[in-house]
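Scroll down for the structure; my scribbles are underneath it.
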Amino acid sequence: MIEIYDALCLKEPWLELILLAADGVTINIKTLETRTKCLRKTAGELVLVSSKGYDEEAWVHPWCGGRLDAAAKKRALDGLGKLRGIAMVGGFRVGVPGVDDQAASIQIRQPDGELRFVAEVSNVRRLVEVPTVRVRPKDGAGNEVVVPGGGQGIFRVPANIVQIVRRAV
């Protein structure tokens, strides 16, 4: 059996806004992850994976990509399709409009009136970036195999490729 971490895929610039906390930024920009459905109810450590594409609208929006400097934008683009971070992610709950919006860097109330689910993100650390792979069952016998690419929602990555970047003291 392959040792694994659970992973969550995010588009840029959302992931880089979370990863700024790993850099010792005094004000954490994005401390809530949002989803349109509840992905999990319990807290736990998740590997944070960058999708292969980025959110073009958010990239130029002043509240999102506009908050990243040139170096952060370069890191985000260079990290597309890679494992980029690890963090403690709380269980998802229904977001509170007007309260959670700033910490989520997005409007909690969606255009159709529905509310986004939010999860607190803490203890953020950068990883040595490697291309995304996932663990999946190979056959009915339960044999597992590592394959390229990620998945939507929560998926599994092999623990042996997860290496935290050590910061100089």
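Read-outs throughout are calculated quantities, based only on the coordinates presented, and are distinct from any laboratory measurement. Being a predicted model, the structure only gives us computed values, none of them experimental. Here the Cβ is made from the backbone with ideal geometry for all residues, glycine too, and neighbour counts use every protein chain on show.
Annotations for the structure displayed:
- The stretch between GLU56 and LEU77, if pulled fully straight at 0.36 nm per residue, gains 6.4 nm over its current Cα-Cα span.
- Among the trypsin sites (Lys or Arg not before Pro) in the range 15-56, those located in a DSSP loop and surrounded by at most 13 other Cβ atoms within 10 Å of their own Cβ are LYS37, LYS41.
- Other residues lying with their Cβ under 13 Å from the Cβ of ILE164 contribute a combined charge of +3, Lys and Arg counting +1, Asp and Glu -1.
- Cα centroids of the range 41-63 and the range 4-34: 7 Å apart.
- Taking the Cα centre of the range 4-161 as origin and assigning +1 to Lys and Arg Cβ atoms and -1 to Asp and Glu Cβ atoms, the resulting dipole is close to 300 debye.
- Charge dipole of the range 4-161 about the Cα centre (unit charges at C-beta), most positive-ward option of VAL133, LEU17, VAL60: VAL133
- Neighbour net charge for ARG126 - beta-carbon separation under 13 angstrom, K R +1, D E -1: +2
- Taking GluC sites (Glu not before Pro) in DSSP loop states with no more than 15 other Cβ atoms inside 10 Å as exposed sites, the chain has its longest site-free stretch at 4-113.
- Sites ARG136 and THR36, calculated FRET efficiency, Cβ-Cβ separation with R0 25 Å, nearest 0.05: 0.55
- Stretchable slack from ASP6 to ASP112, in nm (0.36 nm times residue separation minus alpha-carbon distance): 35.1 nm
- Scattering profile of the chain at q = 0.09, 0.19 Å⁻¹ [log10 I(q)/I(0), Debye over alpha-carbon scatterers]: -0.30, -1.28
- What the Cβ-Cβ distance of VAL99 and GLU45 gives, at R0 = 25 Å and to the nearest 0.05, is a FRET efficiency of 0.45.
- Restricting the range 59-166 to trypsin sites (Lys or Arg not before Pro) in coil, as DSSP defines it, with at most 15 other Cβ within 10 Å: LYS138, ARG166
- Under the combined filter of DSSP loop state and at most 14 neighbouring Cβ atoms within 10 Å, the range 33-63 retains these chymotrypsin sites (Phe, Trp or Tyr not before Pro): TRP63.
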